[in-house]
Amino acid sequence: MSSVDVEALARWYGRNARDLPWRRTTDPWAILLSEVLLQQTQVARGIEYWRRLLDRFPTVTSMAEAEVDEVMHLWQGAGYYARGRRLHALSVEVCAPGGPWGGDLPSPSTCDDVVAGFQSLPGIGPYTAAAVASIAHEVPAAVVDGNVRRVVARQTATLKPTAGDVTSLAQAWMDDAHGRNVPPSVWNQAVMELGATVCTPRAPRCSDCPVQQGCLARDHASGPTAFPAPAKRRVITERLVALVDVDAQGRPHLVQRPSEARFGGLWGPRYLDANDAAVVDECGRRTKAGDVVHLLSHRRLEVEVWAGQTEHGVDPANKAISTLDERVLHLAKGA
C-alpha cells in the first residue's frame, strides 16, 4: 500500500467510519471492554453488552470489587464466557494492593512499553494490547485481526500470508501513517473498518475502496475473494445427555461448572456424555423432554434433555446461565 493510499484511507475513514459508542471515548477501560467483547460478538450485540457492563462497572476498580459471579451474570448471553472470567481476573490484578499497577491500566505514565504492559495481564493477547494502546494512548502499534489479515492478503494477492508477514506489513503501514501525522488510533481503526465494511470476505465492494489502485487482488484472475485462501474448519459433533431435575415450585437443580470447563463459572444442569454407562440408569428415572442442537464455533452439541424431580431447586434468574442451558431448561420445563 503506497503512501498516497495511506492518506486516502485515512480520509475515507474520516468520512465513513461507523458511529460506534466506544469511538467517542479515549477511556482505556471502556476501550478495553469493547475490544474484549468484539473479539467474539457481533457489533450490534456488542454495543448492548458494552453499555450494560460499563453501566455497572464504569471503572476497572468497580469490577475488581465485584464478585466474579456478578460479572458472569451480566455477561450471560454474550458467549465465550472465559472472556468475562479473564476480564474480572485482570481487574483484580490491576487493583491488587501493593501490586505493580496501583489500580491503573498500563499507560505511558506507568510503564515504558504500554503494549507489553497490557500483554502481561490475564487474557490479553497481541491484538487487544495493540488496539487499546493505540486507540487510548496513540501508541503506534499495528493491530492484526481477521479484517487486517484480509486487507493485507488482498493488497498483496497472497493466498496464505504467514502471521509474521501480516504483522510486518501492518506495522510498516502504521509507521508510514504515523510518519505522515495520521494518528495511530485513526490508522488502526481505518484498516479494520475497511475490512469490516468494504473489503469483506464474500462480497467486497471494490469500487468503493479508497485503496483499490494498489490492490493486486482486485484484477487478479482468481478475483479478490480468493484471497486469503479460506481455512478448513472441522466441526466436531458431541452427543450429550442433560439431566434436569425440578422441584415442586418449578425450580431446577443447578450446579456451577468448574472454571476450566466449557461454560466455566456458569450454572446449569448436570450433563453426561451420551456413551456414559450411567446414562441408562439416569434416564430410566426421568422423562424424555426433547432434543436441543447447539452450535459453537467448532462444535455441534446434540443434547437429549431428560426431566426428573428434586426436593430443592434454585431460582435460575439469580444465576449466570449459558444460552444452551437456557434452552435446555425451557424444554425441560414443558415436559
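FYI, it's all coordinate maths here, none of it is from the lab. These figures come from a predicted structure and were not determined experimentally. Here the Cβ is made from the backbone with ideal geometry for all residues, glycine too, and neighbour counts use every protein chain on show.
A straight Cα-to-Cα reach below 21 Å connects K232 with the lysines K160, residues fewer than 8 places away in its own chain not being considered. For the range 277-290, 3J(HN,Hα) computed residue by residue from phi via the Karplus equation (6.51, -1.76, 1.60; θ = phi - 60°) reads 4, 7, 4, 4, 5, 5, 6, x, 9, 9, 10, 5, 9, x Hz, glycine and proline entered as x.
Within straight-line reach of K319, meaning a Cα separation under 29 Å, sit the following lysines at least 8 residues removed in sequence or on another chain: K288, K333. Each listed q (0.11 Å⁻¹) maps to a log10 I(q)/I(0) for the range 170-277 from the Debye sum over equal C-alpha point scatterers, namely -0.68. Ordered by the number of other Cβ atoms lying within 10 Å of each residue's own Cβ, fewest first, K288, K319 fall into the sequence K288, K319.
The Rg/Rh ratio for the chain, using Cα coordinates for both the radius of gyration and the Kirkwood hydrodynamic radius, is 1.05.
When +1 charges are put on Lys and Arg Cβ atoms and -1 charges on Asp and Glu Cβ atoms, the dipole computed for the chain relative to its Cα centre reaches about 1160 debye.
Calculated translational diffusion coefficient of the range 5-139 (25 °C, 0.890 mPa s; Stokes-Einstein with Kirkwood radius over alpha-carbon pairs) equals 158 µm²/s.
Every Cα-Cα pair of the range 82-216 was included, and the share exceeding 19 Å stands at 55 percent.
In this structure, the amide hydrogen of E238, modeled 1.01 Å from its nitrogen in the peptide plane, lies closer than 5 angstrom to those of R300, L301, E302, counting only residues at least 5 positions away or on a different chain. A simple count of charges around W50, restricted to other residues whose Cβ falls under 13 Å of its Cβ and scoring Lys, Arg +1 and Asp, Glu -1, yields +3. For the chain, set up a Gaussian network in which alpha carbons nearer than 10 Å are linked by springs, and say which option among P97, P126, P210 fluctuates the most. Looking only at P97, P126, P210, the biggest GNM fluctuation is shown by P97. Using only side-chain charges placed at the Cβ, +1 for Lys and Arg and -1 for Asp and Glu, the dipole size of the range 265-321 relative to its Cα centre rounds to 160 debye.
Only Cα sites of the range 236-333 enter the Debye sum here, all with the same form factor; the resulting log10 I(q)/I(0) across q = 0.11, 0.13, 0.15 1/Å is -0.29, -0.41, -0.56, listed in q order. Here the range 1-78 is treated as a Stokes sphere of Kirkwood radius computed over C-alpha pairs; at 25 °C and 0.890 mPa s its diffusion coefficient rounds to 172 µm²/s.
Among V235, V139, V303, the residue with the largest mean-square fluctuation in a Gaussian network model of the chain, with springs joining Cα atoms closer than 10 Å, is V235. Near P161, once Lys and Arg are set to +1 and Asp and Glu to -1 for all other residues with Cβ below 11 Å from its Cβ, the sum equals +3. Taking R83, R299, R233 as the candidate residues, the one with maximal mean-square fluctuation in a Gaussian network model of the chain, Cα springs under 10 Å, is R233.
Translational diffusion coefficient of the range 110-159 at 25 °C, 0.890 mPa s, Stokes-Einstein with Kirkwood Rh over Cα pairs, in µm²/s as a whole number.
D, rounded to a whole number, is 208 µm²/s.
Ordering L331, S34, T197 by the projection of their Cα atoms onto the charge dipole of the chain, which places +1 on the Cβ of Lys and Arg and -1 on the Cβ of Asp and Glu, puts T197 at the extreme positive end.
Fewest neighbouring Cβ atoms within 10 Å first, the residues E302, E93 line up as E302, E93.
State, to one decimal in nm², a quarter of the convex hull surface area for the C-alpha atoms of the range 285-335, i.e. the direction-averaged projected area. Its Cα hull, projected and averaged over all orientations, spans 4.2 nm². Toward the positive end of the charge dipole of the chain, with +1 on the Cβ of Lys and Arg and -1 on the Cβ of Asp and Glu, the farthest Cα among V43, T158, A116 is that of T158.
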